[in-house]
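Single-structure report; data block below.
The values are calculated or read from the model by the stated rules, or taken from the named source; none is laboratory data. Note that the coordinates shown come from a computational prediction; the quantities given were computed from them, not determined experimentally. Note: ideal-geometry Cβ built from the backbone for every residue, glycine included; neighbour counts use all protein chains shown. The protein model used for the area step is the full one, side chains on, heavy atoms only, and it has no ligands, DNA or RNA in it. Shrake-Rupley method; radii C 1.70, N 1.55, O 1.52, S 1.80 Å.
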Amino acid sequence: MSKSSSVTKAFAAAFVVLTVSAIAGIVTMVILYKTQIATMNPTPRPTFPSTTTGLPPVMRLPKNLVPERYKVFLWPRFYSQIIEEVNVTSANQTWHFSGNTTVYFHCVQGTSSIYLHSQFLDVYGPVVASTDTDEGIRVTRMENHQDQTDFLEIELDYALKTGGNYSLFLAFRGELGYLDGMYVSTYKEGIPAHEDDRDTDRALIATQMEPTSARRVFPCFDEPDFKAEFEVTIIHRRITTALANGINTDGANIIDDDWKATAFQPTPLMSTYLFAFTVSEFTPTRSSNHRVEINTYARPEATAAGHAKYAADITGRILDYFEGRFEINYPQRKLDQIALPDLISAGMENLGLITYREGALLYEEGVSSLLDKEHIAELIAHELAHQWFGNLVTMKWWNDIWLNEGFANYMTLYAVDAVEPDFKLKDVNILNNLHYAFEADALASSRPLSTSQGDVQTTSQILEMFDIITYYKGAAVLVMLADLVDQPVFDKAIRRYLSDWQYKNTDQNILWEYIQKADDESTGERNIAEVMNSWTKQIGYPVITINTTSGEAFQKHFLFNNSAVSSLSWHVPIRAMRYTTLFRLIWLKPGESAMKDEFVATKGEWILANVNCTGYYRVNYNPENWDRLITQLQKDPRRIPLMNRGQLVDDAFNLARAKLVNVTLALNLTRFIRNETKLIPWAATISNLGYFVRMFDRSEVYGPMQMYLRNQVKGLYNSFSSYTDNSTVPTDHSSQQIQIKAIDVACSNELPECIEMAQHMYADLMKINSTNNINHNLRSVIYCHAVAHGGKEEWEFAWDLYLRSSDVSEKDRLRRALSCTKKIWLLSRYLDYTLDPELIRMMEVASSISDVSRNVAGQALAWNFIRAHWNYVRYWDPARLIEEVTGRFSTQFELEELERFAKDYDLGRASSAAYQAIEQTAVNIQWVSENKDVILEWFERETA
């Protein structure tokens, strides 16, 4: 990104003048400092020589200066409406901004150098003054370091005094970014009259600062433990509305015919990565009957149509739930939310102004699906949980980002079920967290949940922390911790932790202290830090092997590469049961095996460990116990807790991948699924057989495998046929989800009645002037399989619908369906479309390519495509791209290509993903060579 700007100094000076004239009662720091300096003749203080102020920092800012408050003026120069007839076109849309900031800071150690962050900004006019004495201090040099530090170094004529209070004024100008920092997002308002209709084109300004992009908007101390207040003024066009973290002081001040200024009250103490503002023509949906003023902003036509009503309603209910659970009120009187056309993530928890992707927040009755509604509830709960975990109490550094994201995922489990009990998502999501984490954490190239600060320094290293381990392992170990100490004890500790550390920064050691104190008041039986550090400071997790004949139990580091040598071990809390009897909590200490009477099976009964899946570990048994569990599942699965029915499947398949059990044991376990009607066991079975599909859908194994799955799912599919054939769904939420699974598995495995149903519904939709009668819950799966079994006409119909649709959830369904075709030339065309932001939005590039790669016909295309266009696609979630596109790699040739890719390409923050893909591919090669014949024989025997 260019660091230059077309803004002239005259224009910048005009900005200062306009700011002063616009805001009644506010005297800008530019004028203040110029007045001060004109009457001052500062001289060096001999008692504070610059030679005593220490060495410059390496990557992190020094702690000798502590910011307390910022006053920020920002002027983004852009047109929100692109109208050809009014002498403005998209070609001359402006892409720059200017501003100034005054940061007030305290000096805790004398220094003659000020270090803060600035990136891609032209910074000028530095003014430093003592706020204690009104004395100006001459700046002798200012340098923006052109390296990974992004340091803005300001040298002073003499050293600042320890204990003194100072201010630094800086003016700056910069250019708008691409989905980070301050950026432009575009959309169309209403329905265009024709393809070239520019009257509907609109633009808005949005921000995304996490983790290190605040420095791209204004010079600042851009590290999470430099919390400060932010007092912001935005100059923007009169037809637009500005929103920010703080509360609007009192409307907006008119500057001239084009511009106005909106000032916002100071925020509570917060980190720079939470700084946010938007400028748009969006309109609010207000939530009623709540202490906090909640406004959910969206495109005017979406607001008018009521698409933000569900989000507005559930936000207040979730906020009430969290305030009650934590016994701490949300810290501001207002909470704004905004549905943006473009956002790099699904949501961002900025204090007082939460941003969301449009499709992740808006719900259109009759068009959006149940899954859309559930995802909206989950996402809002996640971002609202951050108002306490992350915003109120913040990690000291990014190595402990799991204290933000793991807690947000964990709290979401409970919040959604509390406010939408019909969804019944807690158990499903506990297993999802567990399984996502297990998959990534079973590689030797995994990383600890909490690393050392020294290992996370650069922006690329920080970005790599936003991964599956942080989000899903973080939530999973919290589930285990809460179960270990008992939920009431855990909740009491968390309330104290939040209360004592609000507006401060913590690390996981501080969290352990609060859990320990609450646990001591209850039982005091364990050393929490010792137990939990074994889970957060080491990679991976154990497999617990239980011999139900002898009662012996031991642990081993679970790795897909079972030949890898590892001496890691954990403090493992085990909840187990025998048939209907639940045992006390059993401990397995690091490096020890144990003989437990509870693990001895009597009278041929089975033993089941990790009851309700609260532990972050897998379980293996002696063959006899596995046989008893399999028999029980086939005879009466209800005897085994629902979550464990899913977990048994997941454990067996992954133990087989690691060669700890025979692969036929895992396959035998799937026989019971034919009579299973619950979502969790089916979801686990589909997910795990998905690995078999990826390994074998290019081989002779695939035909018999499809036949087996077709036979297994037929009964489930037929049980919903009276609904599906009439394009209706059951009333029960869980049944609606299993109906979608049944259709997907049946059509994917060529069940004739399923394919005929999908083609028939889609054909009716393609008729001229037809209305869409496909149930909104079923559209995604129907679209995909109709396009998969169709040709050019079906694909181009979906593409045309995608281009014409104004509903974001419908566009997402159609976009995914476009990747389902088996026609390679159509998939190639679709991949080319991802290079054009007018056709596929930049934030959807990675997911669109990933969708193509999941299609066996598109996997090689996607792999070649990302290599050919890496310099473009690398900016849009590159780690996910590499993981998805290499998911089928299982040959030596593919491994060599992947190794060459990792060596020859600039992977940046995707480096870890590439090396994990290399490790996984090596594991896949060995596993396929050892198991292919056995698996083929098993499927042929089952379908004979």
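Does region 669-686 hold any residues that are surrounded by fewer than 18 Cβ atoms within 10 Å (Cβ to Cβ) and in a helix (DSSP H, G or I), and which are they? Lay out the reasoning, then the answer.
Narrowing region 669-686 to residues surrounded by fewer than 18 Cβ atoms within 10 Å (Cβ to Cβ): 671, 674-675, 677-678.
Passing the criteria: ARG671, ARG674, ASN675.
Given the condition touching a Gly at 6+ places or on another chain (Cβ under 6 Å) and either without any contact (Cβ under 8 Å) to a residue 24 or more places away in the chain or buried (at least 20 other Cβ atoms within 10 Å of the Cβ) (or both), answer yes or no: does some residue in region 407-423 qualify?
The initial filter retains those residues of region 407-423 that are touching a Gly at 6+ places or on another chain (Cβ under 6 Å), namely none.
Checked region 407-423: no residue is touching a Gly at 6+ places or on another chain (Cβ under 6 Å) and either without any contact (Cβ under 8 Å) to a residue 24 or more places away in the chain or buried (at least 20 other Cβ atoms within 10 Å of the Cβ) (or both).
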Among the residues of region 572-586, are any within 24 Å of ILE430 (Cβ to Cβ), buried (at least 20 other Cβ atoms within 10 Å of the Cβ) and of a type in the set (S, T, N, Q)? no
Conditions (1) surrounded by 21 or more Cβ atoms within 10 Å (Cβ to Cβ); (2) touching a helix residue (DSSP H, G or I) at 6+ places or on another chain (Cβ under 9 Å); (3) at pLDDT 95 or above: number failed by SER369: (3)
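Checking the condition open to solvent by 10 Å² or more (accessible area, probe 1.4 Å) and in a strand (DSSP E or B), which residue from GLU229, GLU210 passes? Give the steps one after another, and end with the answer.
Details: GLU210 fails: in a strand (DSSP E or B).
Criteria check complete, one pass: GLU229.
Taking the stated definitions as given, is LEU660 in contact with a strand residue (DSSP E or B) (Cβ under 6 Å, 6 or more places away or on another chain) and under 25 Å from GLN555 (Cα atoms)? It would help to see each step written out before you state the result.
Values: in contact with a strand residue (DSSP E or B) (Cβ under 6 Å, 6 or more places away or on another chain): yes; under 25 Å from GLN555 (Cα atoms): yes.
Yes; evaluated as a whole, the condition is true for this residue.
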Looking at region 238-268, which of its residues are crowded, with 22+ Cβ neighbours inside 10 Å, aliphatic (A, V, I, L, M) and within 19 Å of ALA298 (Cα to Cα)? ALA242, LEU243, ALA244
Need pairs with beta-carbon distance below 6 Å; first residue open to solvent by less than 30 Å² (accessible area, probe 1.4 Å) and within region 691-704, second among the polar types (S, T, N, Q); sequence gap 6+ or separate chains. MET695/SER890; PRO704/THR943
Residue pairs qualifying under the 9 Å Cβ cut-off, at least six apart or on distinct chains, with the first in region 251-270 being under 30 Å from VAL393 (Cβ atoms) and the second being among the basic types (Lys, Arg) and surrounded by fewer than 19 Cβ atoms within 10 Å (Cβ to Cβ), are PRO266/ARG69; LEU269/LYS504
Can you pull out the residues in region 140-174 that are without any contact (Cβ under 8 Å) to a residue 24 or more places away in the chain and small (Gly, Ala, Ser)? none
Can you tell me which residue within region 329-344, out of those that are in a loop (DSSP other than H, G, I, E, B), touching a residue at least 60 places away in the same chain (Cβ under 8 Å) and touching a helix residue (DSSP H, G or I) at 6+ places or on another chain (Cβ under 9 Å), is surrounded by the most Cβ atoms within 10 Å (Cβ to Cβ)? LEU343
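Find the residue count for region 296-328, including only residues that are assigned to a helix (DSSP H, G or I), farther than 24 Å from LEU392 by Cα and among the charged types (D, E, K, R).
Of the residues in region 296-328, the ones assigned to a helix (DSSP H, G or I) are 300-304, 309-326.
Then keep just the ones that are farther than 24 Å from LEU392 by Cα; that gives 300-304, 309-310.
Subset that is among the charged types (D, E, K, R): 301, 309.
So the answer is 2.
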Answer yes if at least one residue in region 146-161 is surrounded by fewer than 20 Cβ atoms within 10 Å (Cβ to Cβ), under 21 Å from GLU68 (Cα atoms) and under 40 Å from the mean Cα position of the chain (by Cα), and no otherwise. yes
Exactly one condition in (1) of a type outside the set (Lys, Arg); (2) surrounded by fewer than 19 Cβ atoms within 10 Å (Cβ to Cβ); (3) in contact with a Leu (Cβ under 8 Å, 6 or more places away or on another chain) is not met by THR131; state its number. (3)
Picked from region 95-116 (must be under 23 Å from PRO224 (Cα atoms) and in a loop (DSSP other than H, G, I, E, B)), the residue nearest to the chain's Cα centre (by Cα) is VAL108
Taking the criterion of being without any contact (Cβ under 8 Å) to a residue 60 or more places away in the chain, part of a helix (DSSP H, G or I) and either open to solvent by less than 10 Å² (accessible area, probe 1.4 Å) or not basic (Lys, Arg) (or both), would at least one residue in region 386-405 satisfy it? yes
What's the total number of residues in region 759-785 that are under 31 Å from the mean Cα position of the chain (by Cα) and among the small types (Gly, Ala, Ser)? 1
Can you find a residue that is in contact with a Gly (Cβ under 9 Å, 6 or more places away or on another chain) and part of a helix (DSSP H, G or I) anywhere in region 896-908? no
